[in-house]
Amino acid sequence: MNNFNAVFTTIKKYCHEKEVPSHTCFKELEKMTQSNKVFFSVNLYLQTLEDIGLIKFNPSTKTISITEKGMNTCRLFDN
């Protein structure tokens, strides 16, 4: 699984409700990306996912919410 799919899968796991901001999502992503040197900064993944309309990320509150498009998306990129 590529890193974008891993990050997105984690977001879907911890952001259960559409458009409801979650602090837990961001904390879990930070743990995942910091513990594995293969990952880039969590902000790079979040900005990309927001740019393609799958999530909304608020950097000041460190909350993530999944959009309707994100709820309906299973995978991002092929390996």
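The values are calculated or read from the model by the stated rules, or taken from the named source; none is laboratory data. Remember, it's a predicted structure, so these values are computed and weren't measured experimentally. Quick reminder, even Gly has a Cβ in these numbers, built from the backbone with ideal geometry, and neighbours come from all protein chains shown.
See the values below:
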quantity: Among residues of segment 45-59, those that are assigned to a helix (DSSP H, G or I), under 10 Å from the mean Cα position of the chain (by Cα) and free of Cβ contacts under 8 Å to residues at least 40 places away in the same chain, counted; calculated: 3
quantity: Selection from segment 42-79 of residues that are out of contact with any strand residue (DSSP E or B) (no Cβ under 8 Å at 6 or more places or on another chain) and basic (Lys, Arg); calculated: LYS62, LYS69, ARG75
quantity: Total residues in segment 1-28, condition in a loop (DSSP other than H, G, I, E, B), charged (D, E, K, R) and surrounded by 13 or more Cβ atoms within 10 Å (Cβ to Cβ); calculated: 0
quantity: Close pairs from segment 10-24: first free of Cβ contacts under 8 Å to residues at least 60 places away in the same chain, partner charged (D, E, K, R) and surrounded by 12 or more Cβ atoms within 10 Å (Cβ to Cβ), Cβ under 6 Å, at least 6 apart; calculated: THR10/GLU28; TYR14/GLU28
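This table checks each residue for (1) part of a helix (DSSP H, G or I); (2) more than 11 Å from the chain's Cα centre (by Cα); (3) at pLDDT 90 or above.
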position: GLU30; (1), (2), (3): yes, no, no
position: VAL38; (1), (2), (3): no, yes, no
position: THR61; (1), (2), (3): no, yes, yes
position: GLY70; (1), (2), (3): yes, no, yes
